[in-house]
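Where a number appears in this text, it was derived from the coordinates with a stated rule and is not lab data. Only a predicted model underlies this, so the values are computations on that prediction, with no experimental measurement involved. For neighbour counting, all protein chains shown are included, and Cβ atoms are generated from backbone atoms with ideal geometry for every residue, glycine included.
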Amino acid sequence: MPPVPAPQNRPPRIRPTRRRLPRALHPLLALTLAAAGLAAVPTSPAGARDGVPVAPLAANPYERGPAPTVASIEATRGPFAIAQTTVSASSVSGFRGGTIYYPTSTAEGTFGAVAISPGFTASQSSVAWLGPRLASQGFVVITIDTLSVYDQPASRGTQLLAAVDYLANTSTVRTRVDRNRLAVMGHSMGGGGSLSAANARPSLQAAIPLTGWHTVKNWSSVRVPTLVVGAENDTVAPVSSHSEPFYTSLPATLDKAYLELNTASHSAPTSPNVTVAKYSISWLKRFVDDDTRYEQFLCPAPRGSAIEEYRDTCPHS
């Protein structure tokens, strides 16, 4: 690794009230109404009121797609048909363009958005597989090229924030995006960048550093639900000096998890990986969409031959 500038000390941030808290009360509200006999409105035929069809009240208006199964989160494609569009470097500022992947139907409403950064010396092609994988599960995703392939993690964090802001505010798919439900991911220095972005913007809904690399080891001021993914045989960003310190430094009260890939190398997240995909999907669904149907894949802590270690702050509900 080339020398990097000394990390900037940031003052602790106070996390604003998250929209997730009131949304999490919706199932309780529904149960309370049902107990009081108020959940159902008398209708004519089933599903109609005075002969007019009535849409059922969703307990969580941010759920997207059918109830998940192990097979559905391990599949190479989810239930949503998707399309993609290229973003040229000349058409944006703050990052060097990228590729947007998005669900073609808006019948279920708007979607959460995710920006993904590659690592040191890499282009968006190294994380491109995640674009369609996540978008087909019900997210608008942008994989970005950074201003320079040599950009350090803090810069990549700033660029990730520019990318999610672009998705939500000025992109051609902005009407598909819920600007209050944004997340960041990244590989290597891009993973370190996702921690920097989460630290800088506590209103993000989720962060996922994939075999992250960063000179800063203390992230005690982060207030964003974070899934840290490390690799057992990583010699570029060894878990003992990167992913594990990242995880342990995050507040104990935070929704967080540490997933260590068994016998995997630093580059494991740069090609299709079922373990990376299934838990990234579950984390994003749980915290970007507040979809507690995915809690089953995170709590209790998952086990299996592909997982060397898993730590968490279960339960997340």
### Query
Is one or more of the residues making up the stretch 81-90 among the hydroxyl-bearing types (Ser, Thr, Tyr) and under 17 Å from residue 209 (Cα atoms)?
no
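Please verify whether residue 222 is within 16 Å of residue 130 (Cα to Cα), among the hydrophobic types (A, V, I, L, M, F, W, C) and in contact with a Leu (Cβ under 6 Å, 6 or more places away or on another chain), treating the condition exactly as stated. Let's see the steps before the verdict.
Working: within 16 Å of residue 130 (Cα to Cα): no; among the hydrophobic types (A, V, I, L, M, F, W, C): yes; in contact with a Leu (Cβ under 6 Å, 6 or more places away or on another chain): yes.
Against the criterion (within 16 Å of residue 130 (Cα to Cα), among the hydrophobic types (A, V, I, L, M, F, W, C) and in contact with a Leu (Cβ under 6 Å, 6 or more places away or on another chain)), residue 222 does not qualify.
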### Query
Does the stretch 296-306 contain at least one residue that is within 21 Å of residue 127 (Cβ to Cβ) and not β-branched (Val, Ile, Thr)?
yes
#### Entry: Count of the stretch 133-151 residues which are within 22 Å of residue 189 (Cβ to Cβ) and touching a Leu at 6+ places or on another chain (Cβ under 9 Å)
5
### Task
Return the only residue of 207, 257 being in a strand (DSSP E or B), aliphatic (A, V, I, L, M) and without any contact (Cβ under 8 Å) to a residue 40 or more places away in the chain.
207
### Message
Please verify whether residue 110 is of a type in the set (S, T, N, Q) and over 17 Å from the mean Cα position of the chain (by Cα), treating the condition exactly as stated.
### Response
no
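Each row is one residue, and each column tells you yes or no for (1) farther than 22 Å from residue 95 by Cβ; (2) surrounded by fewer than 24 Cβ atoms within 10 Å (Cβ to Cβ); (3) not aromatic (Phe, Trp, Tyr).
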position	(1), (2), (3)
190	no, no, yes
206	no, no, yes
209	no, no, yes
219	yes, no, no
228	yes, no, yes
### Qualifying positions in the stretch 121-133 - under 13 Å from residue 210 (Cα atoms) and more than 12 Å from the chain's Cα centre (by Cα)
126, 127
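Residues in the stretch 154-167: is at least one of a type in the set (Phe, Trp, Tyr) and in contact (Cβ under 8 Å) with a residue 60 or more places away in the chain?
yes
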### Any chance residue 263 is surrounded by fewer than 24 Cβ atoms within 10 Å (Cβ to Cβ), farther than 17 Å from residue 190 by Cα, touching a residue at least 60 places away in the same chain (Cβ under 8 Å) and polar (S, T, N, Q)
no
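Residue-wise test of (1) of a type in the set (A, V, I, L, M); (2) within 23 Å of residue 84 (Cα to Cα).
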| residue | (1), (2) |
| --- | --- |
| 154 | yes, no |
| 167 | yes, yes |
| 172 | no, yes |
| 176 | no, yes |
| 187 | no, yes |
| 198 | yes, no |
| 202 | no, no |
| 209 | no, no |
| 215 | no, no |
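Yes or no, residue by residue, for (1) in contact with a strand residue (DSSP E or B) (Cβ under 8 Å, 6 or more places away or on another chain); (2) without any contact (Cβ under 8 Å) to a residue 24 or more places away in the chain; (3) surrounded by fewer than 18 Cβ atoms within 10 Å (Cβ to Cβ); (4) part of a strand (DSSP E or B):
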position: 278; (1), (2), (3), (4): no, no, no, no
position: 295; (1), (2), (3), (4): no, yes, yes, no
position: 300; (1), (2), (3), (4): no, yes, yes, no
position: 303; (1), (2), (3), (4): yes, yes, yes, no
position: 308; (1), (2), (3), (4): yes, no, yes, yes
position: 311; (1), (2), (3), (4): yes, no, yes, yes
position: 317; (1), (2), (3), (4): no, no, yes, no
